[in-house]
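For reference, the structure is listed below as structure tokens.
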Amino acid sequence: MTNVQVEEPTEGLRLIKPSVRTQPAYALEAPVAARKLNQNEAPDDFADALKREVLERVLARPWHRYPEFTPRTLSARLAEHYGWDADGLLVGNGSNELIQATMAVSIERDDVVVAPAPTFSLYRLLTSVFGGRYVGVPFASGFRYDIDRLIRTAQRDEAKLLVLNTPNNPTGSALRREDVERALAETEGFVVCDEAYIEFGGESAIPLLATNSRLVVLRTFSKALGLAGMRFGVALAQPAVAREIAKAKLPYNVNVVTLEAAEVALEHRERIDQRVAEVVAARTRLLQALRNIPGLTAFESAANFVVIRCESRPARAVFHTLHHDFGILVRDVSGGVDLGECLRISIGREDDVDAVIAALMTIFGGAA
């Protein structure tokens with residue numbers, strides 16, 4: 001391999017927006033572990049039988065042709081699945097692409113984006129990329145949503161966009177539908193409800209779409225539907241708004257393999273429902289056990305993960321012990337806003353839950 005000497009890129013960096021250069025990139029280290037509980041993925045892989053069904057369909061399609069510009073059959077299935085107009089649906093290469101598209105068509109220089117703090121870091125990063133100003137609003141105690149404060153902040157700063165992740169990542173906090181309704185009634189910008197984890201708890205804002213053209217709801221197939229590796233997301237909005245957001249999407253943005261996988265997943269909804277029920281039951285069991293371990297606090301969650309605060313041990317030390325001594329990889333979120341000494345633990349299989357409980361009992365010297 002040729003060793004190429006590269007000069008310091010001072011000239012090129014000068015052309016990058018200062019607001020972007022000051023932002024940390026979205027990144028995640030994922031060391032190998034026997035139990036991977038750090039990215040809120042489905043605990044079990046997509047079934048082999050369904051994988052074969054996807055591949056058989058893909059083999060029957062021409063690979064030298066672009067996929068449909070608008071996947072009509074899949075859009076009809078999604079419309080039935082979500083109970084919304086197919087003309088108000090956009091598909092994306094993960095919901096991240098649809099977050100980006102929604103912000104691209106709405107956020108101009110100095111526009112304000114208001115979001116709970118902490119929340120999914122991509123919103124802050126993209127706000128900077130588009131030249132906007134990001135305002136984070138802290139949660140109330142116990143990571144409960146402070147909807148009053150969010151609304152007041154959005155009013156004060158004349159927010160162009162209010163982000164409501166529900167359930168929120170990384171806290172697991174959920175909003176009531178009436179809270180979203182209030183936000184729409186009392187603010188004037190877009191309200192983006194990111195519902196990546198909604199299958200596991202909380203109330204969807206989708207029923208509010210019919211009467212609210214400023215509402216955008218985002219969904220993903222990465223969590224409950226077990227297709228994180230396929231990258232598939234959906235945005236729902238009133239059709240006129242969806243057509244404008246679509247202008248910021250790249251053409252042919254979802255490949256034929258992912259399109260077929262999404263359709264197969266929808267055709268086997270009973271498997272999804274069963275997986276969700278198992279995850280919710282495992283989450284309840286994990287929370288009950290963690291609350292009996294002295295030296296840590298476990299917070300209520302409506303998602304497929306729980307957050308703990310390490311009270312008697314440093315979170316970083318607990319993270320390393322879980323990984324190196326017990327083979328359990330969780331997410332260290334202790335550097336986030338109001339997340340001091342916190343770790344986030346994805347809900348895995350039954351044996352993963354048992355392993356987490358046993359490991360934390362050993363580390364903290366408690367009895368569950």
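The values are calculated or read from the model by the stated rules, or taken from the named source; none is laboratory data. Small disclaimer: the values here were computed from a predicted structure and weren't measured. Note: ideal-geometry Cβ built from the backbone for every residue, glycine included; neighbour counts use all protein chains shown. Protein only, heavy atoms only, side chains kept; ligands, DNA and RNA dropped before computing areas. Shrake-Rupley method; radii C 1.70, N 1.55, O 1.52, S 1.80 Å.
Is the range 102-218 best put as rounded, prolate or oblate by its Cα gyration tensor, with a ≥ b ≥ c the root eigenvalues, rounded for a/c under 1.5, and otherwise prolate when a/b is larger than b/c, oblate when not? Don't skip to the end; give the middle numbers.
Working: a/c = 1.42, a/b = 1.23, b/c = 1.16.
Rounded is the answer for the range 102-218, as its axis ratio a/c remains below 1.5.
How large is the convex hull of the Cα atoms of the range 164-241 per residue, expressed in Å³ as a whole number? Write down the numbers at each step before the final one.
Details: hull volume 7.3 nm³, N = 78.
Value for the range 164-241: 94 Å³ per residue.
Tell me the per residue accessible area of the range 111-200 using a 1.4 Å probe; a whole number in Å² is fine.
Solvent-accessible surface per residue comes out at 35 Å².
Lysine pairs, Cα distance under 28 Å, 8 or more residues apart or cross-chain: how many in the chain?
11
Could you state how much accessible area H64 has, in square angstrom rounded to the nearest 10, with a 1.4 Å probe and all protein chains kept in place?
Number for this one is 140 Å².
Given only helices, namely DSSP H runs of n ≥ 4 each adding -39500 (n - 2.57), what is the per-residue ellipticity at 222 nm of the chain, to the nearest 500 deg cm²/dmol?
Numbers: 13 runs with 138 residues, N = 368.
Using -39500 (n - 2.57) per qualifying helix, the result is -11000 deg cm²/dmol.
Can you pull the three principal axis extents for the Cα set of the range 248-305, in Å, largest first?
If we take the Cα atoms of the range 248-305, the spans are 53, 31, 14 Å.
Heavy atoms only, probe 1.4 Å: what % of the accessible area of the chain goes to carbon and sulfur, would you let me know? Before the final figure, lay out each step's value.
Details: 8860 of 17540 Å².
Using a 1.4 Å probe with all protein chains present, the chain comes out at 51 percent carbon and sulfur.
For a quick check of your reading of the filter: which trypsin sites (Lys or Arg not before Pro) in the range 306-354 sit in a DSSP loop and have no more than 15 other Cβ atoms within 10 Å? Before the final figure, lay out each step's value.
Numbers: sites: R309, R316, R331, R344, R349; in loops: R349.
Listed in order of number, the matching sites are R349.
Per q in 0.16, 0.32, 0.33 Å⁻¹, report the Debye log10 I(q)/I(0) for the range 299-343, using one uniform scatterer on each alpha carbon and no solvent.
The computed values of log10 I(q)/I(0) come out as -0.41, -1.17, -1.19.
Note down the nm distance, to one decimal, between modelled labels 7 Å out along Cα→Cβ at E300 and at E278.
Result for the modelled spin labels: 2.8 nm.
To the nearest 10 Å², what's V91's accessible area with a 1.4 Å probe?
Per-residue accessible area (V91): approximately 10 Å².
Need one number: convex hull volume per residue for the range 276-368, Cα atoms only, in Å³. Mind showing how you got there, number by number?
Working: hull volume 7.6 nm³, N = 93.
Output value, Cα hull per residue: 82 Å³.
Quick check on the chain: what are the equivalent-ellipsoid semi-axes from the Cα gyration tensor, as sqrt(5λ), descending, whole Å? Don't skip to the end; give the middle numbers.
On the way: eigenvalues 198, 144, 113 Å².
Ellipsoid half-lengths, sorted descending, are 31, 27, 24 Å.
Among I357, I16, I206, which one moves the most in a GNM of the chain with springs linking Cα atoms closer than 10 Å?
I16
Compute the length gained on full extension between A358 and R269: take 0.36 nm times their separation in residues and subtract their Cα-Cα distance, giving the result in nm to one decimal. Walk me through the intermediate numbers first.
Numbers: separation 89, 0.36 × 89 = 32.04 nm, distance 3.34 nm.
Between A358 and R269, full extension yields an extra 28.7 nm.
If you place +1 on the Cβ of every Lys and Arg, -1 on the Cβ of every Asp and Glu, and leave all else neutral, what size is the dipole of the range 308-368 about its Cα centre, to the nearest 20 Debye? Display every interim value, and only then the final one.
Numbers: 6 positive and 9 negative charges, 36 e Å.
Value, rounded to 20: 180 debye.
GNM on the chain, C-alpha springs below 10 Å: top fluctuator among P31, P71, P170?
P31
Bin width 10 Å, origin at 0, all Cα-Cα pairs of the range 1-129: what percent of pairs per bin?
For the range 1-129, the pair-distance distribution reads 8, 21, 28, 28, 13, 1.
Springs between alpha-carbon atoms under 10 Å, Gaussian network over the chain: tell me which of E203, E244, E97 tops the mean-square fluctuations.
Looking only at E203, E244, E97, the largest GNM fluctuation is found for E244.
Looking at the square roots a ≥ b ≥ c of the eigenvalues of the Cα gyration tensor of the range 163-303, which shape do they give, rounded for a/c under 1.5, prolate if a/b is larger than b/c, or oblate?
Oblate, since a/c reaches 1.5 and b/c is not below a/b.
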